[in-house]
1. On C-alpha positions alone, give me the angle between the axis of helix 281-297 and the longest principal axis of the chain, in degrees, nearest 10.
2. What do you get for the angle between helix 314-324 and the principal long axis of the chain? Use alpha-carbon atoms, 0 to 90 degrees, nearest ten.
3. From largest accessible area down, sort ARG76, ARG293, ARG192, ARG222; use a 1.4 Å probe on the protein chains.
4. What's the center-to-center distance, using Cα atoms, between the range 308-324 and the range 39-69 in Å?
5. With every protein chain left in place, what is the accessible area of PHE183 in Å² (1.4 Å probe, nearest 10)?
6. Roughly how many debye, to the nearest 20, is the charge dipole of the range 238-330 about its Cα centre, given +1 on each Lys and Arg Cβ, -1 on each Asp and Glu Cβ, and no other charges?
7. Return the distance in nm (one decimal) between the two label points of a simple spin-label model at THR254 and GLN271, each offset 7 Å from Cα along Cα→Cβ.
8. Please work out the Cα center distance from the range 212-269 to the range 101-172, rounded to the nearest Å.
Amino acid sequence: MNTEILPYSGESIIKAAEIIKNGGIVGMPTETVYGLAANALDENAVRSIFEAKGRPQDNPLIVHISRMEMLRPLVREIPEIALKLAEAYWCGPLTMIFPKSDIIPDVTSGGLDTVAVRMPESKAARDLIDACGLPIAAPSANLSGSPSPTTAKHVFDDMNGRIPLIIDGGFCSCGVESTVICFRDGKIHILRPGGVTAEMLSQFAEVEVDKAVCAKPAENERVLSPGMKYKHYSPKANVIIVDAHGESFADFCTSHKCGKTIALGAGVEEQGIFIDYGSTPELQAQRLFSLLREADENGADIVYVEMPTRDGVGLAVYNRLLRAAGFEVVSPDD
Ligand code: TXA
Ligand code: MG
């Protein structure tokens with residue numbers, strides 16, 4: 001199969017919708033990361049997503065909608081707080097978990113009795129969902145385990161020959177995947193941090209962050225979000241988080257060079273091994289996955305990354321980095 005890349009336009013959306021309505025998969029831009037889009041209600045289509053990604057069967061997919069009316073048939077119940085959050089943050093990078101209705105196949109929900117739903121902000125994504133007239137299952141469009149794609153080229157690099165079409169909607173403004181939440185005891189429980197931050201959610205209810213967000217789940221521990229237990233976002237290079245800033249970070253990286261070494265600093269001047277990964281959490285979120293992919297293209301052995309802040313979108317950056325680094329954090333004082 002040849003994989004075609006077409007720029008986002010009325011015509012390319014019609015072509016993509018035809019493929020999806022016939023049970024196929026398309027690379028779809030969103031404001032977070034690119035997704036692999038298929039009909040969420042078609043078991044075989046969803047199975048082929050798992051195949052294309054090499055994804056474990058028990059890791060459920062997010063179902064994407066373009067209008068509020070599309071939510072009701074997918075779920076058994078919509079809590080009051082979900083309606084308030086939808087009003088505030090949909091369309092946008094927020095995924096909410098609901099008890100699933102019978103029309104959601106078990107393959108889509110990874111065998112769980114819940115379903116994750118989000119309404120993306122990206123116009124290209126919403127046009128595509130509208131043109132299909134279907135809820136769209138879409139995991140990030142990377143091979144399972146590798147960094148999520150934030151450009152059409154990233155999708156092509158992983159999916160060439162596996163899917164017929166990628167819609168090129170340019171770069172992703174958010175750059176990390178959506179915030180995933182569920183509701184527990186009247187609280188908002190964050191399973192995966194993202195563009196809609198804990199601070200933003202706390203205006204609506206008490207917020208708790210799942211312990212798997214910043215820690216490695218123990219072997220065989222039951223996690224609320226199956227995606228948390230898998231090795232993720234990992235380039236081939238050895239990623240190590242350095243718990244230091246400014247000169248102390250720079251000195252550590254310079255004195256611990258080993259093979260081809262890259263050092264991603266927050267707002268650093270770019271020279272030698274140093275590359276700027278952004279002076280704010282928003283910029284870091286936009287650039288992180290792309291820089292991890294570039295590190296591999298440049299044959300890096302080691303990638304040191306300056307510890308990000310955990311405020312706002314910084315928590316999402318930290319969560320992805322921890323997994324990319326296999327939870328390896330070093331401190332120059334050790
Ligand atoms: O921003 C995003 O959410 C992107 C774009 C393409 O929309 N999609 C995305 O999908 O990141 P994926 O499949 O890479 O990540 C979905 C995450 C996984 O960690 C999965 O375990 C969790 O959401 N998830 C999905 N359904 C769930 C459910 N019913 N209960 C708990 N976690 C769920
Ligand atoms: Mg993913």
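The values are calculated or read from the model by the stated rules, or taken from the named source; none is laboratory data. These numbers come from a predicted model, not from an experiment. Glycine gets a Cβ as well: all are built from the backbone with ideal geometry, and neighbour counts include every protein chain shown. Accessible surface areas use protein heavy atoms only, side chains included; no ligands, DNA or RNA. Shrake-Rupley method; radii C 1.70, N 1.55, O 1.52, S 1.80 Å.
1. That works out to roughly 80 degrees.
2. 80
3. Details: ARG76 150, ARG293 25, ARG192 50, ARG222 195 Å².
From most exposed to least exposed: ARG222, ARG76, ARG192, ARG293.
4. What the calculation gives is 26 Å, centre to centre.
5. That residue has around 50 Å² of solvent-accessible surface.
6. Working: 7 positive and 14 negative charges, 63 e Å.
Here the size comes out at about 300 debye.
7. Distance between label points: 1.0 nm.
8. Using only Cα atoms, the two centres lie 26 Å from each other.
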